[in-house]
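The values are calculated or read from the model by the stated rules, or taken from the named source; none is laboratory data. These numbers come from a predicted model, not from an experiment. Quick reminder, even Gly has a Cβ in these numbers, built from the backbone with ideal geometry, and neighbours come from all protein chains shown.
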Amino acid sequence: MNTEQLFDQSLARVLACQRDGRAFFEAFYDAFVAASPEVAQKFRNTDMERQQSMLSKSFYHLLSFYASSNADYYLDKVAISHNCNHYNIRPQLYDLWMETLIATLRRFDADCDDATELAWRLVMAPGIVYMKFHYGRDSIVGF
Ligand code: HEM
């Protein structure tokens, strides 16, 4: 199986189940906010529904970046809104985001093996690099 097949099948499994009464993105959000006071602080003025919507949207934007190898206009806007002059999301917080995602994946997908975990990391990686790269920049680096 290739990376995309491993990822797609695993994603279908995690979206189809719940743990402790929480769906995948809800559990991911709980864990992300609990993982660092800095994250909780960033979201202090955001209502819960918007936070969860941010987390699931961000996930799908990264997915589409991987599939197309091109940032859509939306991801460009998001990269700027998260940079040092706006939400100020330090690059390390993306690593925490990623590790929290993988920990949540492991909780939800009983069939997740190392190859599946690697597939998730590979699919998310280009978009994370893109976001981190624009941390200190106020305009989009095009190619
Ligand atoms: C992994 C890549 C990420 C993507 C693609 C992403 C995407 C998004 C999107 C689509 C929004 C709503 C639109 C906007 O305000 O620009 C948003 C808002 C936000 N994101 Fe992210 N995000 C990511 C990572 C993070 C991380 C690591 C943090 C750290 C805490 C974070 C914090 C925020 C905050 C504070 C908001 C504003 C919420 C509000 O409206 O009050 N994001 N993000």
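Could you tell me whether any residue of the range 117-125 is in a loop (DSSP other than H, G, I, E, B), of a type outside the set (A, V, I, L, M) and in contact with a Phe, Trp or Tyr (Cβ under 9 Å, 6 or more places away or on another chain)? Taking every residue of the range 117-125 in turn, none turns out to be in a loop (DSSP other than H, G, I, E, B), of a type outside the set (A, V, I, L, M) and in contact with a Phe, Trp or Tyr (Cβ under 9 Å, 6 or more places away or on another chain). Only residues that are more than 10 Å from the ligand (Cβ to nearest atom) and more than 23 Å from ALA119 (Cβ to Cβ): list them for the range 40-91, please. Of everything in the range 40-91, those that are more than 10 Å from the ligand (Cβ to nearest atom) and more than 23 Å from ALA119 (Cβ to Cβ) turn out to be MET48, GLU49, GLN52, TYR73, ASP76, ASN83, CYS84, ASN85. Checked against (1) loosely packed, with under 15 Cβ neighbours inside 10 Å; (2) within 13 Å of the ligand (Cβ to nearest atom); (3) touching a residue at least 60 places away in the same chain (Cβ under 8 Å), LEU122 passes all but a single condition, namely (2). Test each condition in (1) touching a residue at least 24 places away in the same chain (Cβ under 8 Å); (2) closer than 13 Å to MET131 by Cβ; (3) within 15 Å of the chain's Cα centre (by Cα) for ILE80 and report the one that comes out false. Looking at each condition in turn, ILE80 falls short on (3). Within the range 83-107, the set of residues being of a type in the set (A, V, I, L, M) and within 11 Å of the chain's Cα centre (by Cα) comprises LEU93, LEU96, MET98, LEU101, ILE102. When ASP138, ASP109 are checked against the criterion of being more than 9 Å from the ligand (Cβ to nearest atom), over 14 Å from LEU55 (Cα atoms) and exposed (fewer than 14 other Cβ atoms within 10 Å of the Cβ), ASP138 stands alone in meeting it.
On inspection, ASP20 passes the criterion of being more than 14 Å from the ligand (Cβ to nearest atom), at pLDDT 95 or above, among the charged types (D, E, K, R) and farther than 27 Å from MET1 by Cβ.
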